[in-house]
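Read through the structure below, which is laid out as structure tokens, and then see the notes.
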Amino acid sequence: MSLLVRAISIRSIGALCLLTIGFRLLQIAVFPVTQDEAYYFYWAKFPDFGYFDHPPFIAWLASLSNIIPGTPWAARLGGFLLASLMFTVMISLARLAGLKDRSSIYLALLLSQLNLGGLILGFIQTPDLPLAFFWLLALHEAAVAIKIDPRRWLTAGVMTGLGLTSKYTMAIMGLVFLYALMRKPRGLLSPWPYLGGLACLITFLPHLTWNYQHDWVSFRFQFGRGLKSEYHVDTNMGNKLPRALDAKVGSPEETLARTFKRPEKKKEPKPPKSKIEKASQRVGNYIGGQLGLWGLMIFPLAIGLWRKRQKNSLDPHVRSLLIASVTVPLGVFGILSPFQNIEANWPAVYVLGASVLLAGSLKLRPALYITGLGNLILIALLTIHAHYPLNKSKAHKDRILYETHGYEDLASYLKQVPGPLFADTYQNTSLISFYNPSQAVTQWPGITRLSEMIRRPEMMKTSYQTALESDQIFLITSNRIPPAIPGFSAKMLWELRDCVDGEFQIFSADDSRYLDLSCEKAVHRWTLAEYKPNTP
């Protein structure tokens with residue numbers, strides 16, 4: 001037995017929990033709010049049982065943001081608490097699975113909490129966080145039902161229903177349960193799994209009812225996006241603004257925007273890829289994304305699995321449940337991966353069951369602990385990078401900078417616009433609203449894809465009639481050329497440049513110094529357009 005294994009104690013497990021919780025607590029306060037987070041935080045102002053893009057649980061989690069608006073830690077606190085509760089559930093699941101010694105339980109915790117995806121999940125608020133929480137709870141309750149008390153299929157059903165109220169990916173838990181029941185003698189003959197299914201349906205019923213009342217809009221959007229990569233959904237729009245149109249050559253919008261056109265570098269066109277090449281690339285990206293969730297841990301894990309493993313002592317029926325919890329999400333999305341791009345987070349819940357399975361097969365080695373801490377350091381460096389960019393060469397292509405950088409400066413500048421403010425995307429609308437909670441910002445339809453901000457009438461802060469009666473309106477867009485808006489003409493444009501070094505530059509369309517003074521390395525280039533109503 002290694003010194004590391006002998007050193008594991010209750011205090012060691014507690015120290016790991018405190019380290020991770022403390023790190024996440026710091027992160028929820030200092031990591032800048034991301035685009036989708038701000039969108040979900042905006043939903044929290046309008047409590048409901050459903051929204052256009054997702055089920056409602058993520059909005060419920062962010063409810064504290066209504067009491068203390070504009071503060072990341074308040075909006076993220078609910079999710080942080082859920083992530084912290086996962087420690088106790090994971091310990092209990094590991095014991096149910098048959099892990100008896102402290103080193104194995106410690107390893108299960110280490111793998112499930114210090115992998116790269118798990119660390120991020122603890123402070124970035126997306127629907128994947130409540131999904132992971134209820135996925136783990138559903139596995140736990142199913143393990144109890146299989147091993148001890150079949151009546152616990154009722155609570156497994158409730159947890160599955162709550163998971164569906166978080167993200168529809170939870171639906172594949174039914175296949176996980178089915179496999180585990182088929183592996184257990186007479187498992188499908190008991191009434192309790194079926195009653196658990198009824199409990200799931202009852203728990204999920206409020207969101208089902210909401211979808212029925214709203215033309216199944218959330219289902220149609222998510223399944224179109226997940227199965228066909230289609231983002232367009234026909235639905236009634238609560239936002240009664242007329243759809244914006246592409247600006248024509250010679251229009252006021254296009255003419256004013258010519259100031260902000262930089263000389264383009266000629267690029268050699270790339271030869272088109274065949275369908276087989278595209279499919280191979282998608283599959284490769286999918287596999288790489290799932291391995292990447294482990295971060296630095298993937299290297300000692302691969303070595304440990306290649307070497308001789310210790311004898312597996314897991315309970316056979318719980319082990320079947322855990323195997324299904326890994327293979328089902330990986331298999332379902334793996335089947336889809338040749339046909340569309342699969343985001344790394346979609347099947348990420350497999351990591352939870354895999355952590356217990358790996359803890360039952362591998363020995364706790366220093367390399368796993370070191371690489372777990374290495375993942376923590378990587379996240380800390382990413383946080384520093386979000387505030388003080390470490391790599392400035394291609395800032396506009398940097399996902400972290402693009403999601404977070406410059407929005408607070410943008411919102412601060414937009415406070416002074418002397419008229420109703422509109423935005424092109426739900427991302428811009430949400431982040432401006434987050435940093436300026438009292439400012440009315442409305443997403444104008446027809447510029448980018450439909451969102452909850454266009455579908456829900458309560459989110460339309462400025463009506464078309466009010467806009468027409470105003471002396472001028474303003475639109476912030478990420479496009480160089482702003483759109484043509486029915487009933488209005490653009491009178492002036494400004495380019496707002498979010499420079500990677502922190503400078504926030506403002507140039508008007510009649511500023512001849514633009515090419516000489518504007519920073520080359522900009523994370524964002526926003527166009528602020530002033531429109532005036534057309535005179536009869």
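Against the list (1) in contact (Cβ under 8 Å) with a residue 60 or more places away in the chain; (2) more than 24 Å from Phe219 (Cα to Cα); (3) assigned to a helix (DSSP H, G or I), the condition Leu99 fails is (3). Summed over the range 419-429, the residues that are among the β-branched types (Val, Ile, Thr), surrounded by fewer than 24 Cβ atoms within 10 Å (Cβ to Cβ) and either part of a helix (DSSP H, G or I) or assigned by TED's automatic domain parsing to the domain that holds Tyr39 (or both) give a count of 0.
Out of Leu111, Leu131, Leu139, Leu107, one residue alone is modelled with pLDDT under 95 and buried (at least 24 other Cβ atoms within 10 Å of the Cβ). It is Leu107. Checking Ser166, Ser218, Ser190 one by one, the residue that is farther than 24 Å from Gly118 by Cα, buried (at least 18 other Cβ atoms within 10 Å of the Cβ), assigned by TED's automatic domain parsing to the domain that holds Ala344 and of a type in the set (Ser, Thr, Tyr) is Ser218 and no other. Of all residues in the range 430-468, those satisfying the criterion of being over 22 Å from Ile68 (Cα atoms) and either without any contact (Cβ under 8 Å) to a residue 40 or more places away in the chain or outside the structural domain of Pro420 (by TED's automatic domain parsing) (or both) are Thr448, Gln465. For the range 466-488, give me each residue that is outside any loop (DSSP other than H, G, I, E, B) and either touching a Ser or Thr at 6+ places or on another chain (Cβ under 8 Å) or not hydroxyl-bearing (Ser, Thr, Tyr) (or both). Of everything in the range 466-488, those that are outside any loop (DSSP other than H, G, I, E, B) and either touching a Ser or Thr at 6+ places or on another chain (Cβ under 8 Å) or not hydroxyl-bearing (Ser, Thr, Tyr) (or both) turn out to be Ala467, Leu468, Glu469, Ile473, Phe474, Leu475, Ile476, Thr477, Ala484, Phe488. Within the range 71-85, being over 19 Å from Ser433 (Cα atoms) and aromatic (Phe, Trp, Tyr) holds for one residue alone: Phe80.
Counting only helices (runs of 4 or more DSSP H) wholly contained in the range 339-415, the ones carrying 2 or more residues that are more than 19 Å from the chain's Cα centre (by Cα), closer than 25 Å to Val30 by Cβ and assigned by TED's automatic domain parsing to the domain that holds Thr169 occupy 366-387. Among all residues of the range 317-326, there is none that is buried (at least 20 other Cβ atoms within 10 Å of the Cβ), touching a residue at least 40 places away in the same chain (Cβ under 8 Å), of a type outside the set (D, E, K, R) and more than 25 Å from Phe177 (Cβ to Cβ).
Among the conditions (1) more than 14 Å from Glu253 (Cα to Cα); (2) assigned to a strand (DSSP E or B); (3) of a type in the set (Asp, Glu), the only one that Asp511 does not satisfy is (2).
Whether a residue is under 29 Å from Leu301 (Cα atoms), in a helix (DSSP H, G or I), more than 23 Å from the chain's Cα centre (by Cα) and aliphatic (A, V, I, L, M) was assessed, and Ala142 passes this test. The set of residues in the range 131-161 being more than 22 Å from Gly187 (Cβ to Cβ) and either of a type in the set (Ser, Thr, Tyr) or in contact with a Cys (Cβ under 9 Å, 6 or more places away or on another chain) (or both) is empty.
The values are calculated or read from the model by the stated rules, or taken from the named source; none is laboratory data. Keep in mind the model is a prediction, meaning the values are calculated, not measured. Backbone-built Cβ (ideal geometry, glycine too); neighbour counts: all protein chains shown.
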